[in-house]
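These notes are about the structure you will find just below.
The values are calculated or read from the model by the stated rules, or taken from the named source; none is laboratory data. Because the structure is predicted, anything quoted here is derived from the model rather than measured. Every residue, glycine as well, gets a Cβ built from its backbone with ideal geometry; the counts of neighbours run over all protein chains shown. Accessible surface is based on the protein model in full, side chains and every heavy atom, while ligands, DNA and RNA are left aside. Shrake-Rupley method; radii C 1.70, N 1.55, O 1.52, S 1.80 Å.
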Amino acid sequence: QTLSLYHRMATMNKPAYAAIKEYSPNNPTLIFVASRRQTRLTAFDLISYAAGDENPRSFLGCSDDYIESVAESIQDESLRHTITYGIGLHHAGLSSNDRDIVERLFLGGEIQVLVATATLAWGVNLPARFVIVKGTEYFDAKTSRYVDYPLTDVLQMIGRAGRPGFDTEGKALVMVEESKKSFYKRFLYLPFPVESCLEERMCENLNAEIAIGTINSIGEAVAYLSWTFYARRVAANPSFYGAAASKDEDVQEFLLSVVQETTQKLKNHGCVEIDKTDDEIDNALQPTILGKTASNYYLQYRTPKQMLVGVKEARRLMMGCIEESNEPLPKPRTGLMPFERSTRLDELSVAWILYALSSTHEFDELPVRHNEEHLNAELAEKVMWGADTSSLLKGGLGSNARQAEISLDVMADPHTKCFLLLQAYLEHAKMPISDYVNDAKTVVDQIPRLLSAMQFIALQETTAAGSFELACQFSRVRQILSTRTMVDETPWTQLAGVTLKGLRQMEKNAKSKKMTMPSLREVRMMPRDEAARQLRSLLAGKQSGMNADLLDSIYSLPLMTIGNIQVSQHVEKVTGTINGIVSLELIINEDSRRKKQHGDPMNLALVLGTPQRRTLLSYQSIGIGRNGTVKKSVNISFDWNTANANGGEDGGVVILRLLLSDVRGLDAEIAIPLR
């Protein structure tokens, strides 16, 4: 089926070119195709046919010099090529800047043809005189086969032709198999009812309303649905939805059954709790942490339960690794110390968290195209952890953690591809084909939201052993993603201009001068003049400009110090609960001599936990600016009894960690005595 579809798509290109020449030789034309790859292949064929007519730039509506200057600002290589021939590409894999350029050129008439994926039909308003729907099938990742577009999508595509206010006429060409020709003729020329799609997302919709308190019982859920378009269509077309008849009592009975089935699914996946009563219609619905997570972070209702499993396993793995390595904690009254982990613990936990996120239902529809299972197998050989974490869990590290062989069925799984793309992104690995670049962008864009959702779930289970360590590790994962460096790389590599080759030379220079290669944090803590001398020594033979740039990069990073630490406790009169409070003054310094830095503020996590059992006491996240020195007074509340029970000997301590979200190598921790 796949081969025949590719063949059909290829054979449609010449008729499409002929149709443009016949029906819209000098007016804008939109061509809708099924995939990002097809946008490129179609555009390349159109250029070839135009070249065969000895007029390769027949679709260009501006000067060659102008379009060449525009092409220089385009990031996508394929688009940069096709745009110079008057043919644009439009799909979700392009950067926003590239899409803006294409839309502007098409609307202005500088390019005549735009080849786009079907999502454009519902998105940006780009009308045309002529529309070609090149095939009515697309790849459905859920079923791993090609299926027909919904008729509403086809109508939306051809509706782009001759939009009122933009043009006085429009023409459309729908290319289909001969066997489907009569079907499309019938439904494109006859009125077609619009049905509700709410049923496809009924669980997510009701869960969101329960989570925010709009719906509190089965009866309220039925009443809520009664006012939706879904209920109107059930009454108008009962057989389509499975209702007995269109009478009010039949519709209400059907809606009740839908609510019962949906809430049971939500209960099975931990999103709601159902308090049963004598009358089922009065059963109370209570949101859970998992339900609120799905609502707050726009997840499928089945995803939070998967994340909860991942959280529990991550805690277990981290605690097992800590017990094996017997990692030391800072001693009381020694001040703020670097927070460092063993490579084994860091790699194991980061890999597991990314693997758990890749395995969620959010990536069920990540496309694995024809023969991409072989490309995935090749990519698995190049990246650090391979297709999964199984060998890493057995004690391997880095490339040694890869499995010897994994079946092609596993390589054809979208979640396997997702995990591989994440590793390739972090390692700056070369992608097998350009489609993987776009797929990686799709994956990476979703990870911060999913990571926040998983962290939200993890922070609810504060009493579990290892909850403190896991809470800290979410910041570690953010650092890895933000800097695009792997856990076994030195933090020096996150600085602009620092390469592995240059770093090895710095280490060589340090060794030759019988110096110890300083850590990034050690250099950042030095007075600027002393750091400059240190760098000049390490960069022997390099230009002074590089020394100045590197120094400024280092001092643009935030350095955190704390002072005036006090611990107190008070008793809640109503509940009798003993609350502890750590009060401190937080100082954040950025000493860059560049122009003021702009952009979103960084986040600093203040994580408080116990040395025994590593339980989480408190988690705070604060935004910090990117310029100058900032002082903040911080109060951290925690449960005194939990801290006291797990604080250790000599009156006990709590561990406070300061973790940045965007920078590696500057995290710190301190042991604070409770008494």
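How many residues does region 632-663 contain that are in a strand (DSSP E or B) and over 27 Å from P518 (Cβ atoms)?
Adding up the residues that qualify gives 10.
Just checking, does region 509-522 include any residue being β-branched (V, I, T) and either open to solvent by 50 Å² or more (accessible area, probe 1.4 Å) or not in a helix (DSSP H, G or I) (or both)?
yes
Given L357, L345, which one is farther than 21 Å from P491 by Cβ, surrounded by 16 or more Cβ atoms within 10 Å (Cβ to Cβ) and modelled with pLDDT of 90 or more?
L357
Starting from residues that are in contact (Cβ under 8 Å) with a residue 60 or more places away in the chain, open to solvent by 10 Å² or more (accessible area, probe 1.4 Å) and assigned to a loop (DSSP other than H, G, I, E, B), keep the ones in region 15-47 and report whichever is farthest from Y138 (Cα to Cα).
N26
Give P304, P367 a once-over and let me know the one that is open to solvent by 30 Å² or more (accessible area, probe 1.4 Å), touching a residue at least 12 places away in the same chain (Cβ under 8 Å) and not hydrophobic (A, V, I, L, M, F, W, C).
Just a single option satisfies the conditions, and that option is P367.
Taking region 619-631, which residues are among the charged types (D, E, K, R) and assigned to a loop (DSSP other than H, G, I, E, B)?
Of everything in region 619-631, just one residue is among the charged types (D, E, K, R) and assigned to a loop (DSSP other than H, G, I, E, B), namely R626.
Please verify whether region 174-195 includes one or more residues that are modelled with pLDDT of 85 or more, out of contact with any Phe, Trp or Tyr (no Cβ under 9 Å at 6 or more places or on another chain), within 29 Å of A294 (Cβ to Cβ) and not small (G, A, S).
Scanning region 174-195, I find no residue that is modelled with pLDDT of 85 or more, out of contact with any Phe, Trp or Tyr (no Cβ under 9 Å at 6 or more places or on another chain), within 29 Å of A294 (Cβ to Cβ) and not small (G, A, S), so the answer is no.
Every residue in region 622-651 that is small (G, A, S), farther than 22 Å from A465 by Cα and surrounded by 13 or more Cβ atoms within 10 Å (Cβ to Cβ), please.
G625
Testing L666 on (1) open to solvent by less than 10 Å² (accessible area, probe 1.4 Å); (2) under 19 Å from Q473 (Cβ atoms); (3) part of a strand (DSSP E or B); (4) in contact (Cβ under 8 Å) with a residue 60 or more places away in the chain, one condition comes back false. Which one is that?
Here L666 clears every test but (3).
Test R478 against the criterion of being touching a strand residue (DSSP E or B) at 6+ places or on another chain (Cβ under 9 Å) and touching a residue at least 12 places away in the same chain (Cβ under 8 Å), and give yes or no.
yes
When you scan region 552-580, how many residues do you find that are assigned to a strand (DSSP E or B), closer than 14 Å to W640 by Cα and touching a residue at least 24 places away in the same chain (Cβ under 8 Å)?
The total comes to 5.
How many of the residues in region 531-546 are at pLDDT below 80, under 19 Å from S512 (Cα atoms) and part of a helix (DSSP H, G or I)?
0
Need the failing condition index for D439 against (1) open to solvent by 50 Å² or more (accessible area, probe 1.4 Å); (2) within 29 Å of L89 (Cβ to Cβ); (3) charged (D, E, K, R), just the number.
(1)
Taking the condition assigned to a strand (DSSP E or B) and open to solvent by less than 60 Å² (accessible area, probe 1.4 Å), does V115 pass?
Criteria met by V115.
Taking into account only those residues within region 282-301 that are open to solvent by 60 Å² or more (accessible area, probe 1.4 Å) and outside any strand (DSSP E or B), which is farthest from N205 (Cα to Cα)?
D282
Quick one: F229 ticks every box in (1) farther than 30 Å from G609 by Cβ; (2) surrounded by 15 or more Cβ atoms within 10 Å (Cβ to Cβ); (3) among the hydrophobic types (A, V, I, L, M, F, W, C); (4) in contact (Cβ under 8 Å) with a residue 12 or more places away in the chain bar one, so which box is it?
(2)
What about T463, is it at negative phi, at pLDDT below 90 and open to solvent by 10 Å² or more (accessible area, probe 1.4 Å)?
Yes, satisfied.
Being of a type outside the set (S, T, N, Q), within 30 Å of R675 (Cβ to Cβ), part of a helix (DSSP H, G or I) and at pLDDT 90 or above, is that true of even one residue in region 308-317?
So far as region 308-317 goes, yes, one or more of its residues are of a type outside the set (S, T, N, Q), within 30 Å of R675 (Cβ to Cβ), part of a helix (DSSP H, G or I) and at pLDDT 90 or above.
Would you say T11 is β-branched (V, I, T) and open to solvent by 20 Å² or more (accessible area, probe 1.4 Å)?
Against the criterion (β-branched (V, I, T) and open to solvent by 20 Å² or more (accessible area, probe 1.4 Å)), T11 qualifies.
Inside region 239-254, can you point out the residues that are in a helix (DSSP H, G or I) and loosely packed, with under 13 Cβ neighbours inside 10 Å?
Hits for region 239-254 are S239, F240, D248, E249.
Against the condition closer than 28 Å to R521 by Cα and of a type in the set (D, E, K, R), how does E313 come out, does it pass?
no
Here is a check on your reading of the model: is R99 open to solvent by 30 Å² or more (accessible area, probe 1.4 Å), assigned to a helix (DSSP H, G or I) and in contact with a strand residue (DSSP E or B) (Cβ under 9 Å, 6 or more places away or on another chain)?
Criteria met by R99.
Got a number for residues in region 70-96 being surrounded by fewer than 18 Cβ atoms within 10 Å (Cβ to Cβ), modelled with pLDDT of 90 or more and not in a helix (DSSP H, G or I)?
3
Can A458 be described as of a type outside the set (D, E) and open to solvent by 30 Å² or more (accessible area, probe 1.4 Å)?
It is false that A458 is of a type outside the set (D, E) and open to solvent by 30 Å² or more (accessible area, probe 1.4 Å).
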